[in-house]
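Participant: One structure coming up, written as structure tokens, with questions to follow.
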Amino acid sequence: MAASGSSTYEGFTAEERAAMKEHAQDQKKAARRSSREDKAAEAARDVLAKIAELDASDRIMAERVHAVVTAAVPALAPKLWYGMPAYALDGKNVCFFQSAAKFKARYATLGFNDPAKLDDGPMWATAFALTEVTPEVEERIAALVKQAVS
């Protein structure tokens with residue numbers, strides 16, 4: 001990285017390091033599980049437990065997002081990804097919920113990973129800010145998740 005005189009690279013933030021540690025713990029925990037059914041059930045419990053730990057507003061949104069995603073596309077498997085609720089198809093993360101508190105942001109995020117088929121010409125959104133999950137937002141989330149796995 002070239003120095004521009006006034007800025008220097010100071011490494012990862014404390015929040016980024018914590019997320020990486022959570023990811024490593026999630027991976028180790030998943031590797032210890034025995035059967036495929038055990039892995040899926042335990043991963044779903046882990047997601048619900050993580051959601052329960054969130055601050056009130058993030059928790060309410062995460063609970064709604066979880067309910068909408070799992071109802072819209074039951075084939076998506078809940079799992080933790082960098083300490084965040086995520087939903088995978090055939091082992092590949094399709095979407096995730098990131099709480100506002102995770103990186104001290106002013107809004108939570110519903111994000112989509114590369115396997116999501118949201119393509120719309122040469123440019124499309126892969127993340128959406130969430131400040132509230134209304135019935136209209138639930139409909140949009142359901143439509144996006146269905147499109148993502150189509």
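The values are calculated or read from the model by the stated rules, or taken from the named source; none is laboratory data. Note that the coordinates shown come from a computational prediction; the quantities given were computed from them, not determined experimentally. Note that each Cβ is placed from the backbone with ideal geometry, even for glycine, and that neighbours are counted across all protein chains shown.
Participant: Could you list all residues from segment 115-140 that are within 13 Å of Y87 (Cα to Cα) and either among the aromatic types (F, W, Y) or over 13 Å from the mean Cα position of the chain (by Cα) (or both)?
Facilitator: Hit for segment 115-140 is P115, nothing else.
Participant: Which one of E132, E136 is of a type in the set (D, E) and part of a helix (DSSP H, G or I)?
Facilitator: Working: E132 fails: part of a helix (DSSP H, G or I).
Going through E132, E136 in turn, just one is of a type in the set (D, E) and part of a helix (DSSP H, G or I): E136.
Participant: Between a residue in segment 20-36 that is farther than 22 Å from Q98 by Cβ and any residue that is at pLDDT 75 or above, which pairs come within a Cβ distance under 6 Å, given they are 6 or more apart or on different chains?
Facilitator: Final answer for the pair search is R33/K39; R33/E42.
Participant: Here is a further query. Filter segment 1-39 for residues that are modelled with pLDDT of 75 or more and surrounded by 14 or more Cβ atoms within 10 Å (Cβ to Cβ) and give the result.
Facilitator: Across segment 1-39, the qualifying residues are A18, A19, E22, H23, K39.
Residue by residue, here is whether (1) under 27 Å from Q27 (Cα atoms); (2) in contact with a Lys or Arg (Cβ under 9 Å, 6 or more places away or on another chain) holds:
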site	(1), (2)
A86	yes, yes
D90	yes, no
W124	no, no
T131	no, yes
R140	no, no
V149	yes, yes
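Participant: Within the set of pairs 6 or more residues apart or between chains, which connect a residue that is on the phi > 0 side of the Ramachandran plot inside segment 71-99 to a residue that is of a type in the set (F, W, Y) and not in a strand (DSSP E or B) with Cβ atoms less than 6 Å apart?
Facilitator: Note: no pairs meet the criteria.
Participant: Quick one: L118 ticks every box in (1) free of Cβ contacts under 8 Å to residues at least 24 places away in the same chain; (2) assigned to a loop (DSSP other than H, G, I, E, B) except a single one, so which number is it?
Facilitator: Result: L118 fails condition (1) only.
Yes/no matrix, rows are residues, columns are (1) in contact with a strand residue (DSSP E or B) (Cβ under 6 Å, 6 or more places away or on another chain); (2) modelled with pLDDT of 95 or more; (3) surrounded by 13 or more Cβ atoms within 10 Å (Cβ to Cβ):
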| site | (1), (2), (3) |
| --- | --- |
| F96 | yes, yes, yes |
| S99 | yes, yes, yes |
| F103 | no, no, yes |
| A108 | yes, yes, yes |
| D114 | no, yes, no |
| P122 | no, yes, no |
| A125 | no, yes, no |
| T131 | no, yes, no |
